[in-house]
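Comments concern the structure below.
The values are calculated or read from the model by the stated rules, or taken from the named source; none is laboratory data. Everything numeric in this text was worked out from a predicted model, so none of it was measured. Virtual Cβ from ideal backbone geometry, glycine too; neighbours counted across all protein chains shown. Just so you know, the surface numbers come from the protein's heavy atoms only, side chains and all, with ligands and any DNA or RNA stripped out. Shrake-Rupley method; radii C 1.70, N 1.55, O 1.52, S 1.80 Å.
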Amino acid sequence: MRRTGPWRRIGLGAAVAALLAFSLFPVYWMVSSAFDPAADHRGAAVLPQGFTLDHFRYVLDTGEFGRYLANSALVGLGTVLLAGALALFAAVAVARFRFRLRTKVLLMVLVVQMVPLEALVIPLFLQMGDLRLLNSLLGLTIVYLAFSLPFAIWTLRGFVAAVPQELEEAAYLDGCGWWRMFRSVLLPLVAPGLVATSVFAFIVAWNEFVFAFVFMQDDDRYTAAVGLHRFFGQYSTDWGAVMAGSTLITLPVLVFFVLVQRRLAAGLAAGALR
């Protein structure tokens, strides 16, 4: 390969730096404004005018944002656990077993992904009302589970299908039952894909706003995304509180990514190779 000239390297470095600055500047603005005592009057100043924790104190104490974060954590973890378990069993069923309407089931999974979520607000609102699950974190978890399952099933199906059936047959010959084979052989091999789908389910449940805003009627049942909306007034906006709340919403997602980043990278690479 030809050696890259110095000007070409400088150009590539400048392009990468510009891309990073463009991508990271909103995050910098959010975090710096959260600690800026004059966030409401900051204007176009790049640097904050000081440092304060008052915005975080106001959000957590007066704004009751800690309760909203706890609600989002309950809904997010419930969605991740249920979506991971149900999607894995469904993926094993469609990848390993032959039954009638198998292809139609997979097509239905894809069709569900194409339906705009906004078109389902009213039907799901009426259905949850009939089931008496409105204003309930359980009902909201069920809704997010329904949104996460199609993608999770389709993704995990590819990971399950890529596992050689000879490994399962060897486990059977060694005396393993189906559950032992599933737990000791199949589950470790599809774990990267399970982590990747869990990240998707967590992000869906953590960031979703419309259904949480429509379904939750009591303030103490709000999720973090809906609770953040309370700091936007009709005639003014408390930008310090908004940026502090946005920073608090971002932290759990970052922690979750740090915990699963190795598995997630392995899952994406494995999915690309397969």
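Filter the stretch 54-80 down to the residues that are among the aliphatic types (A, V, I, L, M) and modelled with pLDDT under 90 and list them by number. Spell out the reasoning first.
Step one: of the stretch 54-80, the residues among the aliphatic types (A, V, I, L, M) are 59-60, 69-70, 73-75, 77, 80.
The answer is 59, 60.
Can you find a residue that is assigned to a helix (DSSP H, G or I), in contact (Cβ under 8 Å) with a residue 40 or more places away in the chain and surrounded by fewer than 21 Cβ atoms within 10 Å (Cβ to Cβ) anywhere in the stretch 170-178?
Of the residues in the stretch 170-178, the ones assigned to a helix (DSSP H, G or I) are 170-173, 178.
If we keep only those that are in contact (Cβ under 8 Å) with a residue 40 or more places away in the chain too, we end up with none.
Within the stretch 170-178 (the criterion being assigned to a helix (DSSP H, G or I), in contact (Cβ under 8 Å) with a residue 40 or more places away in the chain and surrounded by fewer than 21 Cβ atoms within 10 Å (Cβ to Cβ)), the answer is no, since none of the residues qualifies.
Restricting attention to the stretch 209-262, the residues that are buried (at least 16 other Cβ atoms within 10 Å of the Cβ) and among the charged types (D, E, K, R) total 3. Among the conditions (1) farther than 30 Å from residue 137 by Cβ; (2) of a type outside the set (D, E, K, R); (3) in contact (Cβ under 8 Å) with a residue 60 or more places away in the chain, residue 59 misses just one, which is (1).
Can you give me the number of residues within the stretch 216-263 that are more than 15 Å from the chain's Cα centre (by Cα), of a type outside the set (S, T, N, Q), under 17 Å from residue 69 (Cα atoms) and assigned to a helix (DSSP H, G or I)? Outline the logic, then answer.
To start, the set of residues in the stretch 216-263 that are more than 15 Å from the chain's Cα centre (by Cα) comprises 216-222, 226-248, 262-263.
After this cut, where a residue has to be of a type outside the set (S, T, N, Q) as well, the list is 216, 218-222, 226-233, 235, 238-245, 248, 262-263.
If we keep only those that are under 17 Å from residue 69 (Cα atoms) too, we end up with 216, 218-222, 226-231, 241-245, 248.
Restricting the remaining residues to those that are assigned to a helix (DSSP H, G or I) gives 219-221, 226-229, 241-245, 248.
Looking only at that region, the number is 13.
Report whether or not residue 181 is open to solvent by 70 Å² or more (accessible area, probe 1.4 Å) and either within 21 Å of residue 84 (Cβ to Cβ) or not in a helix (DSSP H, G or I) (or both). No, not satisfied. Take residue 190 and tell me if it is more than 28 Å from residue 65 (Cα to Cα) and touching a residue at least 40 places away in the same chain (Cβ under 8 Å). Yes, satisfied.
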